[in-house]
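The values are calculated or read from the model by the stated rules, or taken from the named source; none is laboratory data. This one's a predicted model, so the numbers in the text were calculated from it and none came from an experiment. Glycine gets a Cβ as well: all are built from the backbone with ideal geometry, and neighbour counts include every protein chain shown.
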Amino acid sequence: MSAFLPSTAEGFICTMLSNVDPSNPALLENCQICYEEFNASHPAVWIRFTSECQHVFGHQCLVDWLTSDNTNANKNKCPLCRSPLYGKSKWDEDIEAQTRYIRSLSAADVGRDEIRAQSFILQDMLDRYREAGERQVLELRQHRRRERRARRREREQDAHRRAPRAEQDEK
Ligand SMILES: [Zn+2]
Ligand SMILES: [Zn+2]
């Protein structure tokens, strides 16, 4: 865990990302969020200054991830390695609260059954948290794919509109 993490997504985006030189070998891989190659309209950024994660993503893809709504359990973590990148998500806080509650039950010497029941709830929260994170990566990927398809359709329609005129010009 890095000594310092920004508390917000905006803070992270401003201070912990660096642009990647197009000749950098790290760019041999495509963006691991949308699977597209990096280029001028999909520039790469490197997550720096955290000790655990050094991953490279498309800038906009990563920004969309980090600033997504609270249904994304892992919006404050790297989409690939889940290293924490800033602050805490609502999910982190819920899980910490439940962990503290279980600890307080142990200290208060309540029955084992109650502690076991509360531990099941915690395990269930952790499972849902992991599943939600995996689902969120897929959703973001689908979203990017839909955007790409829409852009391609626009380009094709553009080409169609231009094509007949080009034929007329040739006459
Ligand atoms: Zn990472
Ligand atoms: Zn991307």
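State whether one or more residues within region 26-35 are at positive phi, surrounded by fewer than 17 Cβ atoms within 10 Å (Cβ to Cβ) and away from ligand 1 (no atom under 14 Å from the Cβ).
Yes, because at least one residue in region 26-35 is at positive phi, surrounded by fewer than 17 Cβ atoms within 10 Å (Cβ to Cβ) and away from ligand 1 (no atom under 14 Å from the Cβ).
Would you confirm, using the coordinates I've provided, whether R155 is within 30 Å of H42 (Cα to Cα), charged (D, E, K, R) and either modelled with pLDDT under 90 or loosely packed, with under 12 Cβ neighbours inside 10 Å (or both)?
Yes: the conditions hold for R155.
Of all residues in region 76-89, which are out of contact with any Asp or Glu (no Cβ under 6 Å at 6 or more places or on another chain), within 14 Å of ligand 1 (Cβ to nearest atom) and polar (S, T, N, Q)?
Residue satisfying the conditions is N76 alone.
Hey, among the residues in region 98-142 that are within 19 Å of C61 (Cβ to Cβ) and free of Cβ contacts under 8 Å to residues at least 60 places away in the same chain, which one's surrounded by the fewest Cβ atoms within 10 Å (Cβ to Cβ)?
L138
Restricting attention to region 40-75, and to residues there that are charged (D, E, K, R) and in contact with a Ser or Thr (Cβ under 6 Å, 6 or more places away or on another chain), which single residue is nearest to ligand 1 (Cβ to nearest atom)?
E52
Which of the residues spanning region 84-93 are assigned to a helix (DSSP H, G or I) and surrounded by 15 or more Cβ atoms within 10 Å (Cβ to Cβ)?
Residues satisfying the conditions are W91, D92.
Does any residue of region 34-42 turn out to be modelled with pLDDT under 85, farther than 20 Å from Q136 by Cβ and either in contact with a strand residue (DSSP E or B) (Cβ under 9 Å, 6 or more places away or on another chain) or not acidic (D, E) (or both)?
There is no residue in region 34-42 that is modelled with pLDDT under 85, farther than 20 Å from Q136 by Cβ and either in contact with a strand residue (DSSP E or B) (Cβ under 9 Å, 6 or more places away or on another chain) or not acidic (D, E) (or both).
If you take just the strands (runs of 3 or more DSSP E) that sit entirely in region 1-61, which of them hold at least 3 residues that are touching a residue at least 24 places away in the same chain (Cβ under 8 Å) and within 16 Å of ligand 2 (Cβ to nearest atom)?
Where strands (runs of 3 or more DSSP E) fall fully within region 1-61 and carry at least 3 residues being touching a residue at least 24 places away in the same chain (Cβ under 8 Å) and within 16 Å of ligand 2 (Cβ to nearest atom), they are 44-47, 56-58.
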